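The values are calculated or read from the model by the stated rules, or taken from the named source; none is laboratory data. Model, not experiment: these values are computed from the prediction. A quick note on method: Cβ atoms are made from the backbone with ideal geometry, for glycine too, and the neighbour counts reach across all protein chains shown. Protein only, heavy atoms only, side chains kept; ligands, DNA and RNA dropped before computing areas. Shrake-Rupley method; radii C 1.70, N 1.55, O 1.52, S 1.80 Å.
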Amino acid sequence: MWRETLAHRLETRRAKSLWRDRALYRPAGDAGLIGSGRRLHDFAGNDYLGLARDPRLAEAQAEGAHRHGSGGRASHLVCGHLSPHHALEERLAALTGRPRALLFSTGYMANLAVLQVLGDGARVFQDRLNHASLLDGAALAGARSRRFHHADLADLERLLTRAPADTARLVVSDGVFSMDGDVADVGGLADVARRHAAALVIDDAHGIGVLGEHGDGSAGFRHPVDAVPVLVGTLGKALGSAGAFVAGDDLLIDALTQLARPYIYTTAQPPGVACATLRALDILAAEPERRRHLQALITHWRTRGAALGLPLLPSATPIQPVLLGDSTRTLSWARRLHEQGFLVGAIRPPTVPRGRARLRVTLSAAHDRATLDELLDRLAALAAEEAS
Ligand SMILES: *Cc1c(COP(=O)(O)O)cnc(C)c1O
């Protein structure tokens with residue numbers, strides 16, 4: 001019976017153009033891939049600073065593995081907590097202006113941990129467009145998430161006002177929304193949270209390394225620990241490595257260390273990975289030109305994209321969606337671009353709301369302006385073809 005059930009669910013997905021292909025790629029150059037025998041410019045990944053293939057990270061990782069072992073061997077609380085993990089936690093606390101940070105193997109697990117511990121017995125208020133891992137974390141805590149309209153502080157306030165006075169409250173938002181690219185009004189959220197005695201969680205997976213004066217993200221130094229007591233960042237995007245962290249004060253970090261099941265019951269990340277991340281942080285500090293180049297590319301994309309009449313969303317980050325609405329249309333544009341040597345994400349429901357399917361174009365410091373122009377021209381040509 002279970003076979004029929006699964007087969008039926010899969011058929012339904014396929015019929016709705018929601019099937020996800022897992023293509024096989026190999027790297028080609030700094031910002032290229034080879035897939036299906038074709039050389040592709042990668043405008044789909046999250047390697048915003050072009051660090052994922054930097055040989056310095058690979059060297060640090062290999063050297064770390066030689067020195068500390070390939071595997072983490074045990075959880076942090078048993079005997080898996082090694083010096084590179086510890087050094088990395090200190091660096092991440094310093095990067096974000098927090099007293100402490102706790103390292104996790106993935107951002108998904110960091111969010112499960114935060115929500116499991118802080119959501120326990122609390123009312124959880126989430127932006128409607130929050131990342132799936134934040135919603136899953138609330139489910140793990142047995143808490144029901146109330147979702148407020150995207151970036152709508154008045155709606156959040158309305159929900160908070162209705163919550164019973166004697167329960168803990170948790171306000172949760174992405175710092176940069178992963179499918180839209182817009183940046184949360186962190187100051188506004190912090191204000192509302194403070195007035196309603198709620199803790200604020202910002203998941204800055206796409207902000208760390210990109211936003212802020214030194215790559216400290218959308219919260220970081222501009223919104224210190226009393227405004228944003230719980231700051232989550234990931235290391236597999238702009239920092240080109242893997243893993244994640246939660247930054248905050250002693251109370252928060254002690255609570256996560258003692259109580260968070262996704263922290264306690266898992267093997268520490270391979271120490272070489274922590275070494276690679278440490279090297280990425282060195283590069284982030286030493287080569288600000290990467291962030292400047294990325295910023296110039298974003299400005300260029302938006303200016304020329306608007307002039308060409310492309311349906312861009314209001315994003316000042318490397319995530320630059322082209323809103324097409326319909327899933328079939330989105331897939332067809334992505335396929336045409338693929339034939340022309342450009343890989344972009346075709347993002348469809350349930351990742352985004354129905355009617356909001358889009359190409360998710362991501363820019364990287366590894367790109368150059370000429371390649372951006374070429375992609376912009378191809379997009380404009382697809383739009384013109386449809387109009388005629
Ligand atoms: C990618 C992402 C995560 C998950 O991080 P991983 O390290 O890939 O597990 C969490 N939150 C947001 C907003 C993300 O974009």
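Which percent of the accessible heavy-atom area of the chain goes to carbon and sulfur, probe 1.4 angstrom?
54 percent
What value does region 233-360 have for Rg/Rh, both radii from Cα atoms and Rh as Kirkwood defines it?
Values: Rg = 19.5 Å, Rh = 18.1 Å.
That ratio is 1.08, to two decimals.
With +1 assigned to the C-beta of every Lys and Arg and -1 to the C-beta of every Asp and Glu, and no other charges, what is the dipole magnitude of region 55-286 about the Cα centre in debye, to the nearest 20?
Working: 20 positive and 25 negative charges, 96 e Å.
It works out to roughly 460 debye.
Using the Kirkwood radius built from alpha carbon pairs, what does the Stokes-Einstein equation give as D for the chain at 10 °C and 1.306 mPa s, in µm² per second?
In µm²/s, the coefficient rounds to 73.
Multiply the residue separation of Lys16 and Ala370 by 0.36 nm, subtract the distance between their alpha-carbon atoms, and state the gained length in nm to one decimal.
Roughly 123.8 nm would be gained on extension.
Taking a probe of 1.4 Å, how large is the accessible area per residue of the chain, in Å²?
Solvent-accessible surface per residue comes out at 45 Å².
For Asp191, Asp127, write out the residues from largest to smallest accessible area, computed with a 1.4 angstrom probe and no ligands counted.
Reading off the accessible areas and sorting them downward yields Asp191, Asp127.
With +1 on the Cβ of every Lys and Arg and -1 on the Cβ of every Asp and Glu, and nothing else charged, how large is the dipole of the chain about its Cα centre, in debye rounded to the nearest 20? Walk me through the intermediate numbers first.
Details: 46 positive and 42 negative charges, 246 e Å.
Roughly 1180 debye, rounded to the nearest 20.
Rounded to the nearest 5, what % of DSSP beta bridges with both residues in the chain are antiparallel? Mind showing how you got there, number by number?
On the way: 27 of 47 bridges.
Within the chain, antiparallel bridges account for around 55 percent of the total.
Return the sequence-ordered ³J(HN,Hα) values of region 244-260 in whole Hz as given by the Karplus equation 6.51 cos²θ - 1.76 cosθ + 1.60 applied to θ = phi - 60°, using x for Gly and Pro.
Residue by residue, region 244-260 yields 7, 8, 10, 10, x, 8, 4, 4, 4, 5, 4, 4, 5, 4, 7, 10, 7 Hz.
Could you sort Arg22, Arg358, Arg292, Arg144 by accessible area so the largest value comes first, with the probe set to 1.4 Å?
Listed by decreasing accessible area, they come as Arg22, Arg144, Arg292, Arg358.
With viscosity set to 1.002 mPa s and temperature to 20 °C, compute the Stokes-Einstein D of region 162-302, Rh being the Kirkwood radius across alpha carbon pairs; µm²/s, no decimals.
In µm²/s, the coefficient rounds to 130.
Grab the beta carbon distance between Glu289 and Arg9, set R0 = 45 Å, and tell me the FRET efficiency rounded to 0.05.
0.40
Determine how many Å³ per residue the convex hull of the Cα atoms of region 55-286 encloses.
Once divided by residue count, the hull of region 55-286 is 104 Å³.
Multiply the residue separation of Ala381 and His66 by 0.36 nm, subtract the distance between their alpha-carbon atoms, and state the gained length in nm to one decimal. List each step's numbers first, then the result.
Numbers: separation 315, 0.36 × 315 = 113.40 nm, distance 5.11 nm.
Extra length available between Ala381 and His66 comes to 108.3 nm.
Full-extension gain between Thr351 and Arg158, please, as 0.36 nm times their residue separation minus the C-alpha to C-alpha distance.
In short, 66.9 nm is gained.
Assuming R0 = 51 Å, can you tell me the calculated FRET efficiency for the pair Thr303 and Leu24, based on Cβ-Cβ distance, to the nearest 0.05?
Efficiency at R0 = 51 Å is approximately 0.90.
Could you pull the accessible area for Lys16 with a 1.4 Å probe, rounded to 10 Å²?
130 Å²
Could I have the simple spin-label model distance between Asp226 and Glu213, label points 7 Å from Cα toward Cβ, reported in nm to one decimal?
The two pseudo-label positions are separated by 2.0 nm.
Output needed: percent of Cα pairs per 10 Å distance bin for region 1-112, bins running from 0 to the one holding the longest distance.
10, 23, 29, 23, 15, 1
Once the dipole of region 1-114 is set up with Lys and Arg at +1 and Asp and Glu at -1 on Cβ about the Cα centre, which of Ala65, Ala44, Thr5 lies farthest towards its positive end?
Checked the options; the winner is Thr5.
Roughly how many nanometres apart are two label points built 7 Å out from the Cα toward the Cβ at Ser75 and Leu259?
With each label point 7 Å from Cα toward Cβ, the separation is 1.6 nm.
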